[in-house]
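First comes the structure, then the notes that go with it.
The values are calculated or read from the model by the stated rules, or taken from the named source; none is laboratory data. Treat the numbers as computed from the prediction; the structure is a model and nothing was measured. Cβ sites come from the backbone with ideal geometry, for glycine too, and all protein chains shown count toward neighbours. Quick note on the areas: whole protein, heavy atoms, side chains included, nothing else; ligands and nucleic acids left out. Shrake-Rupley method; radii C 1.70, N 1.55, O 1.52, S 1.80 Å.
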Amino acid sequence: MIICAKYLMTGDGETVLEGQAVLTGGDGKIKKIAPKEELVQDFPEEEVKDYGEATLLPGLCDMHVHLAYWYSQPDSFNYNEQMITLYALQHAQAAFERGITSVRDMSSYHGVCRSLKLAQEKGFITIPRITHTDTGMCMTGGHACDEVPEVDGPWEVRKEIRKQVRDGAEWVKILTTHRSHIPEFTQEELNAAVDECHRRGIKCGVHAGTNPGIQMCIDAGFDTIEHATFMTVDHAKQMAEKGIAWTPTIMAYTLLYDICKENLEKNAGKPVNDPVMQKEMKDYQYFEPAYKAYRDHFKEFYDTGVTVIAGTDMVMYQSPLLPLPRELQYMVEYGITPVQAIQTATSNPAKVLGVENERGLVKEGLDADLLVVGGELSKDITCLNDVKLVTLGGKRVFEDGIRYVGTGNMFM
Ligand SMILES: [Zn+2]
């Protein structure tokens, strides 16, 4: 297939070419990048898709998802293992509509991502490429303790990591702060987590939003810090120096801020000791400064050179599934260019995942995971809302509003 669009954004954070077309090969890779006329002449048998005033770029990667997060469903009692897996499947397939071809799952119901990935390899289902943790873990009574295993002490942390790796985890997720300045895991436990992962050759990400938890995670040497909501420029500089990537998840915190602001307005007449009001006010006290921290400081942190990776972390009932285009739009609203924002969802994730020789750029020899959006994306990030075509390994998975997620190659 030859795909042409007026603009080609390679995903390296700088390069936008004009008048180029991409030839995908039968092996699912990008075979050649050259002007359309040249490709059409050299490969006359190939189907040609010309999108005109549009931008071709790498398929996006959402670096913080929870495909099997079902806990907030109002009928959660209906969610047995089969329902959870089906829920995760529809969540994964929704990704294509947003131009997403890869995700990193940062904790889900035990075993679900592993099964989805296996089903994909066997050709049962068509979903984005998944890199996944298992369930994650926290200290006893720590953040998300109703949903993830509780472990205490360095050896319990190591043992839980060993179990999760045994059960197929490709990354490990640790949770260590929760809306308070009291860190959860001790430094010794955090150090043990990183050491156990790294000596096994796998990477680990950590949920840390407050101080001094963020500094403790930097000291421990995690590979990615999730949220880091209240970090400082000094933290960002340290992360840049140590090669720790940052997943801000602006969208999640902004949506939660919007929701509790709206709820407070709606319930304005209620007495302040009303339990609903008390919950909303408590949430507001965290999410308002969180929203402002991203709004006011994102650009300063970005400018330290810390590797930013885009993730959405949307899990609440009725929240949009994987709204990565909106996350990137916030980044642009807060001061970086669309070309830089796209890098946080393409080549930066590929490097953090260690697959930069396979994907993350529009480059000859890499996987043909491609996205075409209407308009000139380098001038207007909202072009991401107009997804024309998504390919995964050279096969069409979404086009003109329709998902092509059947089995095998029947659609191509
Ligand atoms: Zn999360």
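Collect the residues in region 273-312 that are of a type in the set (S, T, N, Q) and over 12 Å from W246 (Cα atoms), keeping them in residue-number order.
N273, Q278, Q285, T312, listed by residue number.
In the set I225, I250, which member is within 16 Å of the ligand (Cβ to nearest atom), closer than 30 Å to T304 by Cβ and touching a residue at least 40 places away in the same chain (Cβ under 8 Å)?
Unique residue meeting the criteria: I250.
Which members of region 227-245 meet the condition of being under 15 Å from N211 (Cβ atoms), under 18 Å from the mean Cα position of the chain (by Cα) and not in a loop (DSSP other than H, G, I, E, B)?
Residue satisfying the conditions is H227 alone.
Here are I174, I202, I161, I182: which of them is of a type in the set (A, V, I, L, M) and within 16 Å of the ligand (Cβ to nearest atom)?
I174
In region 14-42, what count of residues is obtained for those that are open to solvent by 20 Å² or more (accessible area, probe 1.4 Å) and either under 17 Å from V373 (Cα atoms) or not aliphatic (A, V, I, L, M) (or both)?
So the answer is 18.
Out of C260, C217, C204, which single residue is touching a residue at least 12 places away in the same chain (Cβ under 8 Å), in contact with a strand residue (DSSP E or B) (Cβ under 6 Å, 6 or more places away or on another chain), in a helix (DSSP H, G or I) and open to solvent by less than 10 Å² (accessible area, probe 1.4 Å)?
C217
Residues in region 88-107 that are part of a loop (DSSP other than H, G, I, E, B) and open to solvent by 10 Å² or more (accessible area, probe 1.4 Å): how many?
So the answer is 1.
Which of the residues that make up region 311-330 are of a type in the set (F, W, Y) and within 16 Å of the ligand (Cβ to nearest atom)?
Y317
Can you find even one residue in region 121-143 that is surrounded by fewer than 20 Cβ atoms within 10 Å (Cβ to Cβ) and charged (D, E, K, R)?
Checking region 121-143: at least one residue is surrounded by fewer than 20 Cβ atoms within 10 Å (Cβ to Cβ) and charged (D, E, K, R).
Can you say whether E45 is open to solvent by 10 Å² or more (accessible area, probe 1.4 Å), in a loop (DSSP other than H, G, I, E, B), within 29 Å of D313 (Cβ to Cβ) and of a type in the set (D, E), as far as the supplied structure shows?
no
Go through region 51-61 residue by residue and tally those that are open to solvent by 30 Å² or more (accessible area, probe 1.4 Å) and within 24 Å of P128 (Cα to Cα).
Within region 51-61, residues that are open to solvent by 30 Å² or more (accessible area, probe 1.4 Å) and within 24 Å of P128 (Cα to Cα) number 1.
Among the candidates E147, E156, E184, single out the residue that is in contact with a helix residue (DSSP H, G or I) (Cβ under 9 Å, 6 or more places away or on another chain) and either assigned to a strand (DSSP E or B) or in contact (Cβ under 8 Å) with a residue 40 or more places away in the chain (or both).
E184
Only one of F287, F298, F230 is closer than 25 Å to A192 by Cα, aromatic (F, W, Y) and either in contact with a Gly (Cβ under 8 Å, 6 or more places away or on another chain) or touching a residue at least 24 places away in the same chain (Cβ under 8 Å) (or both); which?
F230
On the basis of being among the aliphatic types (A, V, I, L, M), without any contact (Cβ under 8 Å) to a residue 40 or more places away in the chain and touching a strand residue (DSSP E or B) at 6+ places or on another chain (Cβ under 7 Å), does V40 make the cut?
Considered against the rule, which asks whether it is among the aliphatic types (A, V, I, L, M), without any contact (Cβ under 8 Å) to a residue 40 or more places away in the chain and touching a strand residue (DSSP E or B) at 6+ places or on another chain (Cβ under 7 Å), V40 comes out as yes.
Quick check: is even one residue across region 67-74 more than 16 Å from G311 (Cα to Cα), part of a loop (DSSP other than H, G, I, E, B) and away from the ligand (no atom under 16 Å from the Cβ)?
So far as region 67-74 goes, yes, one or more of its residues are more than 16 Å from G311 (Cα to Cα), part of a loop (DSSP other than H, G, I, E, B) and away from the ligand (no atom under 16 Å from the Cβ).
Among the residues of region 321-354, what is the count of those that are of a type in the set (A, V, I, L, M, F, W, C), in contact (Cβ under 8 Å) with a residue 60 or more places away in the chain and open to solvent by 10 Å² or more (accessible area, probe 1.4 Å)?
Qualifying residue count, region 321-354: 4.
Among the numbered criteria (1) charged (D, E, K, R); (2) under 28 Å from E364 (Cβ atoms); (3) outside any helix (DSSP H, G or I); (4) free of Cβ contacts under 8 Å to residues at least 60 places away in the same chain, which one does K117 miss?
(3)
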